[in-house]
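Peer 1: Here it is, the structure, as structure tokens.
Derivation of every value follows stated rules applied to the coordinates shown; laboratory data play no part. All figures in this text were calculated on a predicted structure; none of them were measured in a lab. Positions of Cβ are generated from backbone atoms using ideal geometry, with glycine treated the same way; all protein chains shown enter the neighbour counts.
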Amino acid sequence: MELGTAGNTSGLMLKPLILSKAQPKLPSSRMATSLQNDRLLRALLRQPVDRTPVWLMRQAGRYLPEYRATRARAGCFLALCQTPELACEVTLQPLERFPLDAAILFSDILTIPDAMGLGLSFSEGEGPRFARPLRTATDIARLGVPDPETELRYVIDAVRVIRRELAGRVPLIGFAGSPWTLATYMVEGSASKDYARIKGLLYEQPELLHQLLDVTAQAVTLYLNAQIAAGAQAVMLFDTWGGILTPRAYREFSLAYMTQIVAGLIREAEGRPVPIILFTKGGGAWLEEIANSGCDAVGVDWTTDLSDARRRIGARVALQGNLDPAALYASPERIRQQAAQVLADYGAGSGHVFNLGHGIQPGVDPERVRVLVEAIQQFSIPYHAPLSPANLR
Ligand code: CP3
């Protein structure tokens with residue numbers, strides 16, 4: 001398969017991505033290539049920046065015609081994830097178009113359950129499905145912790161290839177699903193409306209659910225540490241379904257395991273801290289507790305006001321968010337207005353990473369995304385003091 005051409009199939013003038021076919025292993029001297037844009041890493045650590053960094057959840061995805069072209073070439077979404085050169089190509093596509101401040105590894109949170117033997121597939125319009133969902137205590141007892149360098153090698157290789165091709169332009173974010181969110185898919189078998197099975201397990205056999213969450217937390221810890229060792233410069237835990245829990249159950253079945261993972265992660269690589277972002281969709285009521293997990297930054301969805309979030313936890317952690325993804329359906333003028341409002345809600349100073357409150361939807365016009373990213377670049381400057389040697393620590 002010819003590499004590096006799919007970005008042009010949409011007829012847009014995109015720079016072709018030249019991917020070398022060398023071994024994905026990077027010599028350590030190359031890894032230390034200096035980072036030309038470290039705004040994201042600085043903001044996540046609440047250090048001064050010249051403007052607010054911006055990246056968008058699902059910035060690589062179906063709203064981009066060049067993504068759809070590469071996916072068609074790969075055959076399906078999973079083949080795209082499992083071919084490091086193609087995963088790299090789609091990771092870089094949004095960066096070729098927009099002045100974003102970070103790349104996020106192109107993969108999926110469900111790679112871990114797949115490596116545990118559940119048999120992942122995706123059907124068009126239906127989302128993920130497992131051929132062998134967890135149905136009995138024996139199914140759970142049989143689960144092993146996958147070795148990232150063998151069973152998830154394609155992901156770790158993708159991290160290495162992406163770092164090489166990024167060549168220090170912007171940092172690379174690695175990610176995984178939270179144990180609770182992964183367990184939800186593993187027990188339900190596919191997307192669910194009522195969460196009957198996983199909640200049945202939670203209320204009827206909490207010890208069994210703890211057993212599942214424990215093995216999953218071990219798997220996520222190893223997986224994220226392997227991503228960091230391969231070159232991920234920040235990592236994010238996606239807790240998409242934490243918000244369906246009661247406060248008590250959230251603490252016991254979701255946050256406790258994310259806290260355990262945070263405690264087990266490598267915190268420094270290549271001579272810099274590796275910031276950790278926790279994002280619980282629908283977790284606005286629990287921000288203080290999330291901030292106490294030991295993470296560096298908390299993702300905030302659009303149902304929480306960013307000024308409230310800052311007042312509550314902004315002295316301890318950075319905040320990432322939180323434009324309503326549906327705002328991208330509005331006119332350019334309204335998008336600019338909404339973007340300016342999010343910046344104003346956070347206010348002056350560092351510690352804010354601009355993002356959406358959840359992923360970009362597939363129906364969004366890429367030109368609206370450009371409007372948003374450029375608006376953040378432009379409007380955020382007055383919120384930061386000019387960088388001088390004195391405030392660059
Ligand atoms: O953000 C990025 O650009 C990086 C890539 C990324 C994907 N999935 C690619 C993807 C990330 C970070 C994820 C995380 C993920 N995957 C989550 C947590 C974040 C969230 O959205 O809440 C979840 C719950 C999943 C599981 C998953 N993967 C679902 C429910 C679906 C189907 C829904 C959909 O949008 O089609 C996927 C598929 C998926 N993962 C796609 C992409 C680009 C679409 C696949 C395609 O048809 O090409």
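Peer 1: Looking only at region 177-204, count every residue that is in contact with a strand residue (DSSP E or B) (Cβ under 6 Å, 6 or more places away or on another chain) and outside any helix (DSSP H, G or I) and tell me the total. Give the derivation first.
Peer 2: Pass one, region 177-204, residues in contact with a strand residue (DSSP E or B) (Cβ under 6 Å, 6 or more places away or on another chain): 177-178, 181, 189-191.
From what's left, outside any helix (DSSP H, G or I): 177-178, 189-191.
Qualifying residue count for the region: 5.
Peer 1: Something else about it: Can you pull out every residue in region 220-275 that is part of a strand (DSSP E or B) and either more than 27 Å from residue 192 (Cβ to Cβ) or in contact with a helix residue (DSSP H, G or I) (Cβ under 8 Å, 6 or more places away or on another chain) (or both)? Walk me through it before giving the result.
Peer 2: Keep residues of region 220-275 that are part of a strand (DSSP E or B), which gives 234-239, 268-269, 272-273.
Correct list: 234, 235, 237, 238, 239, 268, 269, 272, 273.
Peer 1: Select from region 44-79 the residues that are within 10 Å of the ligand (Cβ to nearest atom) and in a loop (DSSP other than H, G, I, E, B) and list them in ascending order.
Peer 2: 55, 56, 57, 58, 59, 60, 61, 62, 63, 64, 76
Peer 1: Among the residues of region 91-108, how many are outside any loop (DSSP other than H, G, I, E, B) and near the ligand (Cβ under 8 Å from one of its atoms)?
Peer 2: Matching residues across region 91-108 total 3.
Peer 1: Still on this structure, I have one more. Just wondering, is there one or more residues in region 345-362 that are within 16 Å of the ligand (Cβ to nearest atom) and surrounded by fewer than 14 Cβ atoms within 10 Å (Cβ to Cβ)?
Peer 2: We begin by selecting, within region 345-362, every residue within 16 Å of the ligand (Cβ to nearest atom); these are 353-362.
Then keep just the ones that are surrounded by fewer than 14 Cβ atoms within 10 Å (Cβ to Cβ); that gives 362.
Yes, region 345-362 contains a residue that is within 16 Å of the ligand (Cβ to nearest atom) and surrounded by fewer than 14 Cβ atoms within 10 Å (Cβ to Cβ).
Peer 1: Then there's this: What are the residue pairs meeting all of these: first residue in region 118-142, first residue more than 14 Å from residue 190 (Cβ to Cβ), second residue of a type in the set (A, V, I, L, M) and surrounded by 11 or more Cβ atoms within 10 Å (Cβ to Cβ), Cβ atoms under 7 Å, and 6 or more apart or on different chains?
Peer 2: Close Cβ pairs satisfying both conditions: 137/208; 140/134; 140/208; 140/212.
Peer 1: Only one of 123, 107 is touching a Cys at 6+ places or on another chain (Cβ under 7 Å) and of a type outside the set (A, V, I, L, M); which? Full working, then the answer.
Peer 2: Numbers: 123 fails: touching a Cys at 6+ places or on another chain (Cβ under 7 Å).
Among 123, 107, only 107 is touching a Cys at 6+ places or on another chain (Cβ under 7 Å) and of a type outside the set (A, V, I, L, M).
Peer 1: Any residue in region 198-221 that is among the small types (Gly, Ala, Ser) sitting within a Cβ distance under 7 Å of a residue that is outside any helix (DSSP H, G or I)? List the pairs, counting only those 6 or more apart or interchain.
Peer 2: Pairs that qualify, where the first residue is among the small types (Gly, Ala, Ser) and the partner is outside any helix (DSSP H, G or I), are 219/145; 219/146.
Peer 1: Further question: If residue 266 passes every condition in (1) under 20 Å from the mean Cα position of the chain (by Cα); (2) among the hydrophobic types (A, V, I, L, M, F, W, C); (3) buried (at least 23 other Cβ atoms within 10 Å of the Cβ) but one, which one does it miss?
Peer 2: With (1) under 20 Å from the mean Cα position of the chain (by Cα); (2) among the hydrophobic types (A, V, I, L, M, F, W, C); (3) buried (at least 23 other Cβ atoms within 10 Å of the Cβ) applied to residue 266, the lone miss is (3).
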